[in-house]
1. Could you list all residues from region 88-106 that are more than 15 Å from the ligand (Cβ to nearest atom) and surrounded by fewer than 21 Cβ atoms within 10 Å (Cβ to Cβ)?
2. Considering only residues that are in a strand (DSSP E or B) and buried (at least 17 other Cβ atoms within 10 Å of the Cβ), which ones fall in region 222-251?
3. For region 24-53, give me each residue that is in contact with a helix residue (DSSP H, G or I) (Cβ under 7 Å, 6 or more places away or on another chain), in a helix (DSSP H, G or I), within 15 Å of the ligand (Cβ to nearest atom) and farther than 14 Å from residue 79 by Cα.
4. Just to verify a result, which residue in region 557-570, among those that are crowded, with 16+ Cβ neighbours inside 10 Å and not in a loop (DSSP other than H, G, I, E, B), is modelled with the lowest pLDDT?
5. Whether any residue in region 6-17 is touching a residue at least 24 places away in the same chain (Cβ under 8 Å) and in contact with a strand residue (DSSP E or B) (Cβ under 9 Å, 6 or more places away or on another chain) is what I want to check.
6. Could you run through region 76-87 and say how many residues are assigned to a helix (DSSP H, G or I) and more than 11 Å from the ligand (Cβ to nearest atom)?
7. Filter region 444-458 down to the residues that are buried (at least 18 other Cβ atoms within 10 Å of the Cβ) and modelled with pLDDT of 85 or more and list them by number.
8. Name the residue, out of 675, 694, 630, 640, that is buried (at least 19 other Cβ atoms within 10 Å of the Cβ), in contact (Cβ under 8 Å) with a residue 40 or more places away in the chain, farther than 19 Å from residue 485 by Cα and in contact with a helix residue (DSSP H, G or I) (Cβ under 8 Å, 6 or more places away or on another chain).
Ligand code: MN
């Protein structure tokens with residue numbers, strides 16, 4: 001275990017300005033807090049955070065990060081509190097420790113790949129300070145190095161699986177390849193002990209059995225290139241057991257076939273020399289078909305350039321070779337930061353020197369707005385368009401940013417969305433329009449008797465939720481129409497004073513060419529069927545002498561005064577003027593004259609050249625639009641419909657605009673002869689007990 005002064009000295013070695021006092025206080029605090037706790041290995045628990053801090057010094061991280069490493073398990077595993085950490089070590093370290101504690105509480109929920117991918121993204125999204133993630137990775141790395149001390153094979157297995165599924169790819173994602181390799185290595189060793197042992201033994205036999213070594217092959221390549229006058233440096237390495245295993249799996253190669261266990265890098269002085277070097281290599285050793293890639297003529301998306309090839313060397317052994325020039329090599333090593341540092345001069349150089357890992361990180365952060373932004377804020381800009389929340393059972397659910405509990409409910413299941421009446425976030429009741437944030441645990445409160453509120457449409461963000469709300473609202477409107485039609489039918493039947501047997505109705509449906517009762521109700525509600533026609537259908541001959549309902553008369557040639565004879569015109573959809581209203585016209589090219597009520601805002605806006613118009617005495621009537629608010633109780637709509645019918649108005653269309661527990665608001669289009677008739681209807685409606693208010697809609 002690292003001693004206190006050793007740790008401080010390590011930090012001082014790369015950062016002379018580091019806060020020595022902070023590190024010392026953190027060391028002592030953590031040692032006291034962990035006290036006599038022991039690790040599975042029998043070591044004092046305290047050795048773990050110190051080793052984690054040691055790993056972080058390898059990455060040459062700043063004093064706050066090192067202190068966070070030392071303190072990272074104090075809140076979770078000891079009596080220390082967040083307030084204490086904040087008070088003793090400052091807000092900045094407090095925030096980092098809090099971040100690591102939160103990450104540590106999250107465990108993989110299942111083996112499926114999507115869950116792992118989500119968890120990776122979530123970890124990144126949660127770590128709004130990249131240093132939180134680095135401490136977590138160092139923590140995991142030390143736990144993996146000491147995995148063998150855990151007695152339970154199941155637990156070892158689970159930790160190894162999680163490491164390979166989540167933490168190793170995450171390390172790769174932020175450019176920490178060394179950490180990624182080691183995590184994979186340790187995980188592989190735990191999960192596939194036989195394969196690991198077999199590969200290690202095979203590598204050992206290759207080394208001792210007279211097969212060409214890395215150094216000898218590198219030498220051979222160097223000589224061939226020199227003989228053809230190509231100036232280049234050649235480096236080689238043996239691949240690690242895990243990457244050999246991956247290749248064997250990926251290519252379906254058995255243990256006995258020899259996969260390419262060695263890789264070489266040739267660095268030349270110019271792009272032209274890269275191709276010359278490749279020519280020399282392919283001339284001397286047989287290339288393996290399908291393995292050659294030219295990333296110089298077509299670079300990778302992140303700008304990476306190199307030639308990749310695999311050749312057969314010696315007795316059937318295969319080696320991988322990458323060829324690039326010095327400039328390409330620098331870029332590949334430093335990524336985008338190479339360009340950036342170059343452009344920014346001293347400042348960029350300083351940033352790169354104080355945070356060496358940042359160079360690789362920047363290359364990986366393709367999603368960040370700009371490398372500069374990353375370097376300035378050292379924040380993860382990835383996945384900013386997503387939030388990750390939890391179900392009550394702890395399953396992770398990704399949602400678009402701005403999503404609400406309603407979006408969450410519909411994402412889980414449309415039935416859950418449809419029956420959603422409330423939400424509890426992190427144990428507290430919240431309004432359904434609340435925007436969810438990373439890490440929220442969301443519980444949906446449901447009621448079978450509830451239906452989606454049309455108002456939800458104004459705040460949901462997922463297409464699934466929006467479509468479901470619209471669908472439900474339409475279904476509700478249809479239902480309201482059926483209810484209204486049935487009430488109209490019953491009211492009419494009562495007025496007819498006719499016996500209404502099933503046979504009578506069936507015969508009536510046949511005469512009306514309607515399929516069933518719902519079709520009849522809909523026809524009535526939509527005023528496609530008059531009371532007169534209904535009565536005649538139910539009891540043929542019974543309407544003889546009975547007064548017919550009022551019907552619009554045939555349109556006279558010029559129902560509106562002020563228009564030239566034969567001019568095309570139509571009544572505006574915004575204000576729905578009816579005879580008796582004061583009106584004016586706006587000429588619309590190709591559509592004739594649009595007739596508006598004088599107070600209509602559209603007329604105000606477009607009517608610079610308005611035509612003065614007046615209704616002709618013989619006008620056939622028009623459709624007015626009213627908004628009614630009625631008590632949400634049985635029979636309310638029927639009362640409204642009866643009042644309108646009693647005043648000889650025709651309901652042309654009815655739509656439910658809004659409904660809550662107490663009231664519903666409907667938009668009703670009524671065909672009337674003139675404004676006097678409309679006024680009679682609205683007055684009567686206002687007098688009805690079921691009706692709260694009636695307003696004429698004169699603008700949209
Ligand atoms: Mn730990």
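1. 88, 90, 91, 92, 94, 95
2. 232, 234, 236
3. 26, 48, 49, 50, 51, 52, 53
4. Among them, the one singled out is 560.
5. Looking for residues that are touching a residue at least 24 places away in the same chain (Cβ under 8 Å) and in contact with a strand residue (DSSP E or B) (Cβ under 9 Å, 6 or more places away or on another chain), one finds none in region 6-17, hence no.
6. 6
7. Matches in region 444-458: 444, 456.
8. Selected residue: 694, the only one of 675, 694, 630, 640 that is buried (at least 19 other Cβ atoms within 10 Å of the Cβ), in contact (Cβ under 8 Å) with a residue 40 or more places away in the chain, farther than 19 Å from residue 485 by Cα and in contact with a helix residue (DSSP H, G or I) (Cβ under 8 Å, 6 or more places away or on another chain).
The values are calculated or read from the model by the stated rules, or taken from the named source; none is laboratory data. What you see is a predicted model; the values in this text were computed from it and never measured. Here the Cβ is made from the backbone with ideal geometry for all residues, glycine too, and neighbour counts use every protein chain on show.
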